[in-house]
Amino acid sequence: MIREPFVEGKFYPGVKDELVTLIKNCEGSFLEKKSNKILANGKLVGFISPHAGFIYSGPVATWGMARLSLEKPLPSKFLLLGPKHTRFGAAAALSGADSWKTLLGNVSVERELREALLSTDLFELDDEAHAYEHSLEVQLPFLQHLYDSCPLAVVPLALQYASFETCSAWGKAIGRVLSEKRFSDVCVLVSSDFSHDCSRSEAYKLDGEAMDVIEKLNGEAFYKLVVSEERSICGVIPITVFLESLKGKRVKGTRLTYSTSMDVVSHSRGVGYASIMFEEV
């Protein structure tokens, strides 16, 4: 079974050449040049990337891809963690599809990793959760553009709102699976936008505080900050799960860049976008 694109022509162009041109424009956007800013200080174990319309969040997303491009060799497998923006499907839903289709081709779903995650009994196969969800679909064109003819396979996992205890259980299970030698070439891509419906100054302040906590790898503190203050970081669950998966590992979190939709188009209230990398130390 092939998972068909849902937000093609909405979040990104519905014509292949226009999509490639937009991704290239995002790479050369108004943000500072990445080549002199991004260094590889250890193996990349994962990164946070935004999932809005490409004209808004694409420039920030390309920073994570630029860091990923420095890996030698490139990781061949990705665990994609994203929030559920709908109520459809299971709470922790793995895609049962064989591949995901975009204008740039089909991306295979990695079966061995998917089966290992299913064996924990904490995740379910459920394609209904993915059918109308955009948070993971929009990551694929950026990966495909970077990888071109290189091997690439993914395991999409969509997560709904849950207690911290549940997030911790999910994260620890993922951490155990990814610690297996056979999955040493798996990189985790966490899909999240940051503050919503904030002024530019509010967004920079609130998201700066959240990124400070994320960089400390404190999943519980991050979860409590977002939930107790009702902050509008839509990827609070996948970020918390990822941070919990890192427990016991020597990892450093470092923000690559941050921007808002208001930096792209002048408007009074908008959305924040962050790119944060996590490297072994």
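Read-outs: derived from the displayed coordinates by stated rules, not from any lab. Treat the numbers as computed from the prediction; the structure is a model and nothing was measured. A quick note on method: Cβ atoms are made from the backbone with ideal geometry, for glycine too, and the neighbour counts reach across all protein chains shown.
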What number of residues in segment 230-243 are closer than 11 Å to residue 81 by Cβ and among the acidic types (Asp, Glu)?
0
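Can you report the number of residues in segment 185-238 which are among the small types (Gly, Ala, Ser) and outside any helix (DSSP H, G or I)? Reasoning before the result, please.
Initial filter on segment 185-238 (among the small types (Gly, Ala, Ser)): 191-192, 195, 199, 201, 203, 208, 210, 219, 221, 228, 232, 235.
Next, only the ones that are outside any helix (DSSP H, G or I) stay: 191-192, 195, 199, 232, 235.
Residues in segment 185-238 being among the small types (Gly, Ala, Ser) and outside any helix (DSSP H, G or I): 6 in total.
Of the residues that make up segment 20-31, is at least one surrounded by 14 or more Cβ atoms within 10 Å (Cβ to Cβ) and of a type in the set (Lys, Arg)? Break it down into steps so the answer makes sense when it comes.
So the first thing to find is which residues in segment 20-31 are surrounded by 14 or more Cβ atoms within 10 Å (Cβ to Cβ), and the list is 20, 22-23, 25-27, 29, 31.
Still in the list and also of a type in the set (Lys, Arg): none.
No - not one qualifying residue is present in segment 20-31.
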May I ask you to verify whether residue 264 is among the β-branched types (Val, Ile, Thr), free of Cβ contacts under 8 Å to residues at least 24 places away in the same chain and touching a helix residue (DSSP H, G or I) at 6+ places or on another chain (Cβ under 8 Å)?
no
Quick one: what pairs do we get from segment 243-255, first residue free of Cβ contacts under 8 Å to residues at least 40 places away in the same chain and assigned to a loop (DSSP other than H, G, I, E, B), second surrounded by fewer than 17 Cβ atoms within 10 Å (Cβ to Cβ) and among the aliphatic types (A, V, I, L, M), C-beta under 9 Å, 6+ apart or different chains?
250/281
Filter result for residue 27 (over 22 Å from residue 234 (Cβ atoms) and among the acidic types (Asp, Glu)):
yes
